[in-house]
1. Among (1) part of a loop (DSSP other than H, G, I, E, B); (2) touching a strand residue (DSSP E or B) at 6+ places or on another chain (Cβ under 9 Å), where does Phe40 come up short?
2. For the list (1) surrounded by fewer than 16 Cβ atoms within 10 Å (Cβ to Cβ); (2) assigned to a helix (DSSP H, G or I), I need the number of the one condition that Val26 fails.
3. Please work out which residue is most open to solvent (accessible area, probe 1.4 Å), limiting yourself to region 205-238 and to residues that are under 21 Å from His124 (Cβ atoms) and part of a helix (DSSP H, G or I).
4. In region 98-129, how many residues are in contact with a Phe, Trp or Tyr (Cβ under 9 Å, 6 or more places away or on another chain), part of a helix (DSSP H, G or I) and open to solvent by 20 Å² or more (accessible area, probe 1.4 Å)?
5. Out of all the residues in region 55-74, which are open to solvent by 40 Å² or more (accessible area, probe 1.4 Å), outside any strand (DSSP E or B) and under 20 Å from Trp213 (Cα atoms)?
6. Answer with yes or no whether Gly162 is at pLDDT 95 or above and in contact with a helix residue (DSSP H, G or I) (Cβ under 7 Å, 6 or more places away or on another chain).
7. So, in region 80-92, of the ones that are outside any loop (DSSP other than H, G, I, E, B) and out of contact with any helix residue (DSSP H, G or I) (no Cβ under 8 Å at 6 or more places or on another chain), which residue ends up most open to solvent (accessible area, probe 1.4 Å)?
8. Exactly one of (1) open to solvent by 30 Å² or more (accessible area, probe 1.4 Å); (2) under 18 Å from the mean Cα position of the chain (by Cα); (3) closer than 30 Å to Glu147 by Cβ is unmet by Lys95. Its number?
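The values are calculated or read from the model by the stated rules, or taken from the named source; none is laboratory data. This is a predicted model, so every value here is computed, not measured. Ideal geometry is used to build each Cβ from the backbone, glycine not excepted, and the neighbour counts take in all protein chains shown. Note: areas computed on protein heavy atoms with side chains; ligands, DNA, RNA excluded. Shrake-Rupley method; radii C 1.70, N 1.55, O 1.52, S 1.80 Å.
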Amino acid sequence: MNKLAVQLYTVREEAGKDFIGTLEKVAALGYEGVEFAGFFDIPANVLKYQLDRLGLTPVGSHTPLEQLVDHLDEVITYNKTIGNPYIVCPWSEVKDEESLELLVAQLKKVVQRLQDEDMILLYHNHDHEFKKIGENYLLDVLFEKCEGLYAEVDTYWVHHAGVDVIEYLMKYKDRVKLIHLKDGIGNELKAIGEGTAPVKQVMELMQKWPIEWVIVENDEPSPNGLKDIERSMTYIKNQF
C-alpha cells in the first residue's frame, strides 16, 4: 500500500497553538509523512530534528506563489535543510489566457531554479483551473506550456469540477508526483469515506502506481483537524 501523509493545513488550528505537539499527534495516528502549509516560525534545523525524532517524512511544502517569486532562495534553503524535495504552488488566481501566460512565465523561472538544486516544483489544482480555453482546460494548457512542472492532483477538486478523476489521473500518469485524497458532498468537505467523491477508486488506482505518497487533506475538518484525520485513517485502514 502507498504511504499516507497529512496536509498539515487540515490541522492548522492545532498547529498554530502547538506545532510540534501536533506533529506528535499526527505521528501517533499512524501517518508516516507530512506536507507543510507554513512552518510556524520553527527554525529549519529544529524542525528537521523533530521530524527525525517522530519518524515523519516531509513529502512536500505548499508555498504561496508570492514566496516562490520573491523569496525563492529562502524557500530552497529551508526545505533543503528539512529534507523536502517537493515545492508545491498551492493556488493561483489563473482565470483566462492573460493570467495563464503570466503564471507560466513565473513558474518557468521557479522550475529552472529548483531543478538546479535537485528539487521539483508541483502545481496543486482547485476546480477553477478546469475552465476551458478553447477546447482545453486551463490546467492542461499550464502543463503543456510549462515543461518541468509536475502535478499534485487534488482529486476532490477534479471531481467537483465535473471531470472524471480516474481518467484525469491516467492522462497525467507520468507527471503526477503527489495526490491529495479528499472527500466531500457538493461544497461540503468531509473526512475520507464520509462523502461521495471516488476515494476508493483513487486508492485502488494508486496501489497500482509507483507513487509513494497519498496525502490526506480536509480544508474544513469537523469537529477539528485531528479528529477528522483520525476518522480518515480508520476508513483507509479498514478498506485497504
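1. That leaves (2) as the condition not met.
2. All conditions pass for Val26, except number (1).
3. Among residues in region 205-238 that are under 21 Å from His124 (Cβ atoms) and part of a helix (DSSP H, G or I), the one most open to solvent (accessible area, probe 1.4 Å) is Leu205.
4. Qualifying residue count, region 98-129: 1.
5. Answer for region 55-74, where residues must be open to solvent by 40 Å² or more (accessible area, probe 1.4 Å), outside any strand (DSSP E or B) and under 20 Å from Trp213 (Cα atoms): just Gly55.
6. Answer is no for this residue.
7. Of all residues in region 80-92, those outside any loop (DSSP other than H, G, I, E, B) come to 80-82, 86-89.
Next, from what is left, pick out any that are out of contact with any helix residue (DSSP H, G or I) (no Cβ under 8 Å at 6 or more places or on another chain): 80, 86, 88.
Numbers: Lys80: 102, Tyr86: 50, Val88: 0 Å².
Going through the qualifying residues, I end up with Lys80.
8. The failed condition is (2).
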